[in-house]
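These notes concern the structure reproduced below.
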Amino acid sequence: QVQLVESGGGLVQAGGSLRLSCVASGRTFSTYAMGWFRQAPGKEREFVAAISSSGTSTYYADSVKGRFTISRDNAKNTVYLQMNSLKPGDTADYYCAAHDSGTYYIVKSYGPWGRGTQVTVSS
C-alpha cells in the first residue's frame with residue numbers, strides 16, 4: 001500500500017507563492033495518476049489538480065487554472081503543486097492522493113490519501 005506525505009504548506013501573504021510536495025513510498029509511483037485536493041474549514045474537500053502517470057497530461061479546477069501548476073518527478077516518487085498569485089480563498093488544508101479509478105475530478109476516485117499540509121493566505 002502506497003503511503004503519501006505532503007509538505008511545503010505555510011503562511012503566505014496574498015499574491016505570494018508556495019510549492020507543495022508529496023512524496024510517495026513504494027515502487028509503483030510511476031504507474032498511477034496523482035491528484036491534489038483541498039479542504040477549507042466547514043467545506044467539502046474539492047479537486048485542485050491532477051496529473052497523469054507519465055506527467056504528460058494535467059487537469060485543473062477552474063479556480064486555480066493559470067495560477068497553479070502540478071508536476072511530478074517519477075525518479076523521486078514526488079508530485080508537486082506550484083501555487084502562484086495566492087488568494088485568501090486558497091486557504092485550506094491541501095491533500096495529495098493516488099488516483100484509483102474513474103474521473104480525476106472527484107474525491108471517490110482516489111485513495112490512499114496523505115494527511116495534508118496547511119496553507120494559509122493572509123490578505
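The values are calculated or read from the model by the stated rules, or taken from the named source; none is laboratory data. This structure is a prediction, so every number in the text was calculated from the model and none was measured. Here the Cβ is made from the backbone with ideal geometry for all residues, glycine too, and neighbour counts use every protein chain on show. The protein model used for the area step is the full one, side chains on, heavy atoms only, and it has no ligands, DNA or RNA in it. Shrake-Rupley method; radii C 1.70, N 1.55, O 1.52, S 1.80 Å.
You can think of it this way: the chain between residue 85 and residue 57 has 7.8 nm of extra reach, that is 0.36 nm per residue less the Cα-Cα gap.
Rounded to the nearest 20 debye, the dipole size of the chain about its Cα centre is 120 debye, using +1 on the Cβ of Lys and Arg and -1 on the Cβ of Asp and Glu.
Using the scaling law 2.2 N^0.38 Å as the reference, what is the normalised Cα Rg of segment 1-81? My calculation over the Cα atoms of segment 1-81 gives 1.12. For the chain, the per residue solvent-accessible surface stands at 52 Å², with DNA, RNA and ligands left out and a 1.4 Å probe. Judged by the gyration tensor of its Cα atoms, with axes a ≥ b ≥ c, segment 1-46 is prolate; a/c meets the 1.5 cut and a/b is the larger of a/b and b/c.
Just so you know, the averaged projected area of the alpha carbon convex hull for segment 41-92 sits at 4.2 nm². Solvent-accessible surface of protein heavy atoms, probed at 1.4 angstrom with all chains present, puts 62, 90, 73 in the order 62, 73, 90, largest first.
Under the classification rounded if a/c is under 1.5, otherwise prolate if a/b is larger than b/c and oblate if not, where does segment 49-123 fall, given a ≥ b ≥ c as square roots of the Cα gyration tensor eigenvalues? Prolate shape, in that a/c is at least 1.5 and a/b is the bigger ratio.
The apolar share of the surface of segment 49-123, taken as the fraction of accessible area on carbon and sulfur atoms (1.4 Å probe, ligands and nucleic acids excluded), comes to 45 percent. Approximating the spin labels as points 7 Å out from Cα along Cα→Cβ, the residue 19-to-residue 39 distance works out to 2.8 nm. Using the Karplus relation 6.51 cos²θ - 1.76 cosθ + 1.60 with θ = phi - 60°, the per-residue 3J(HN,Hα) values for segment 106-123 come to 10, 4, 5, 7, 10, x, x, 10, x, 8, x, 9, 8, 10, 10, 10, 8, 8 Hz, with x marking Gly and Pro. Across the chain, Cα pairs under 8 Å and at least six residues apart give a relative contact order of 35 percent.
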